[in-house]
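Some notes on the structure that comes next.
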Amino acid sequence: MKLIQISDIHFGGENHEAVEAAGCRIEEEAPDLIVIAGDLTLDGKTAEFDAAAAWLSRLPSPMIVVPGNHDTPFVGPGELWTRFTRPWGRFRDRFGPEDGARWRGRGVTITSLNTARAAQLRWNWSKGAVSRRQIRRVSQQLETAPPDDLKVVVCHHPLMEVLGGPMTARVRGGVDAANQFVQAGADVVLSGHIHLPFVTAIPFGDGKTQIVGSGTLSLRERGAAPGFNLIEVEPGCVRVKALAFERGRFDVWRTWAFDRR
């Protein structure tokens with residue numbers, strides 16, 4: 001099984017050359033599934049969503065798309081009103097429900113949740129949150145998945161802070177969610193947000209559940225060239241290759257491999 005993991009494209013502030021090259025490379029890879037882990041747009045504008053939808057339509061299917069904190073309107077006249085009254089309308093019109101997308105194929109079960117919020121009772125609305133309802137739903141889906149499947153959760157914000165990361169996620173309910181997802185059998189949590197690829201173990205249970213983050217295809221780089229992840233699921237392990245766009249092409253920047261349960 002081959003998965004492509006992309007996040008933080010930020011149409012409206014995308015790296016045009018990297019985005020076009022990524023489309024060609026992804027088509028060459030012929031993945032079984034493409035996972036888009038949020039922040040398709042820069043400011044949640046209609047034109048940005050249209051550009052994102054047009055680009056994604058050129059990629060192989062199937063695809064799971066979850067929103068990020070940038071994917072609700074917040075800049076420009078009338079946008080704040082739309083943010084409060086229909087925060088995920090533009091996303092939903094193009095990519096389907098913003099929360100709870102699922103997929104299963106050849107020994108892999110994937111479920112998703114929206115960790116972004118239109119507004120919160122704190123100053124920085126860009127940080128993540130997970131509700132108890134979301135935790136219960138995802139945990140139930142993990143528990144009822146075929147026991148031999150690789151069980152994957154997709155969300156935009158890393159549920160736990162990444163040591164040495166260039167920015168924080170500060171996900172309310174994130175640590176509890178990570179703990180309960182581990183107990184429910186999650187093997188991998190795919191996320192984005194920090195614009196830097198990483199793989200790190202969740203320190204609960206047997207320590208084998210991994211958080212895998214992808215980089216960015218935008219101009220907002222934070223310590224790594226624009227890129228995305230190629231994930232290969234094998235019977236005994238999972239291999240993650242972070243591909244970076246340098247000198248006009250995508251090459252492997254870093255690799256990780258971790259054992260499956």
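Points worth noting:
- Subset of segment 242-261 [more than 17 Å from residue 18 (Cα to Cα) and under 20 Å from the mean Cα position of the chain (by Cα)]: 254, 255, 256, 257, 258
- Hits in segment 192-231 - residues which are more than 19 Å from residue 21 (Cβ to Cβ) and of a type in the set (Asp, Glu): 206
- Candidates are the residues of segment 118-150 that are among the basic types (Lys, Arg) and over 15 Å from the mean Cα position of the chain (by Cα); the one that is farthest from residue 34 (Cα to Cα) is 122.
- Restricting segment 132-147 to residues that are part of a loop (DSSP other than H, G, I, E, B) and touching a Lys or Arg at 6+ places or on another chain (Cβ under 9 Å) leaves a set whose member that is most open to solvent (accessible area, probe 1.4 Å) is 146.
- Residue match in segment 3-14 (condition: open to solvent by 30 Å² or more (accessible area, probe 1.4 Å), over 20 Å from residue 74 (Cβ atoms) and modelled with pLDDT of 95 or more): no
- Members of segment 4-32 that are under 23 Å from residue 152 (Cβ atoms), assigned to a helix (DSSP H, G or I) and touching a strand residue (DSSP E or B) at 6+ places or on another chain (Cβ under 7 Å): 22, 25, 26, 29
- Hits in segment 26-47 - residues which are surrounded by fewer than 18 Cβ atoms within 10 Å (Cβ to Cβ) and touching a residue at least 12 places away in the same chain (Cβ under 8 Å): 27, 29, 30, 32, 46, 47
- The selection criterion, being under 26 Å from residue 126 (Cα atoms) and assigned to a strand (DSSP E or B), holds for residue 35.
- Filter result for residue 120 (touching a strand residue (DSSP E or B) at 6+ places or on another chain (Cβ under 7 Å), part of a loop (DSSP other than H, G, I, E, B) and surrounded by fewer than 23 Cβ atoms within 10 Å (Cβ to Cβ)): yes
Residue by residue, here is whether (1) at pLDDT 95 or above; (2) of a type outside the set (Lys, Arg); (3) crowded, with 18+ Cβ neighbours inside 10 Å; (4) out of contact with any His (no Cβ under 9 Å at 6 or more places or on another chain) holds:
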position: 61; (1), (2), (3), (4): no, yes, no, yes
position: 72; (1), (2), (3), (4): no, yes, yes, yes
position: 80; (1), (2), (3), (4): no, yes, no, yes
position: 128; (1), (2), (3), (4): no, yes, yes, no
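- If you go through segment 163-204 and keep only what is open to solvent by 10 Å² or more (accessible area, probe 1.4 Å), under 20 Å from residue 257 (Cβ atoms) and assigned to a loop (DSSP other than H, G, I, E, B), you end up with 163, 187, 196, 197, 203.
- Only one of the numbered conditions (1) open to solvent by less than 30 Å² (accessible area, probe 1.4 Å); (2) more than 21 Å from residue 68 (Cβ to Cβ) is not met by residue 227, and that is (2).
- Subset tally (residues that are in a loop (DSSP other than H, G, I, E, B), touching a Pro at 6+ places or on another chain (Cβ under 7 Å) and farther than 21 Å from residue 48 by Cβ) for segment 73-114: 0
The values are calculated or read from the model by the stated rules, or taken from the named source; none is laboratory data. Nothing here was measured: the structure is a model prediction, and the numbers come from that model. All Cβ positions, even for glycine, are placed from backbone atoms using ideal geometry, and neighbour counts span all protein chains on display. Quick note on the areas: whole protein, heavy atoms, side chains included, nothing else; ligands and nucleic acids left out. Shrake-Rupley method; radii C 1.70, N 1.55, O 1.52, S 1.80 Å.
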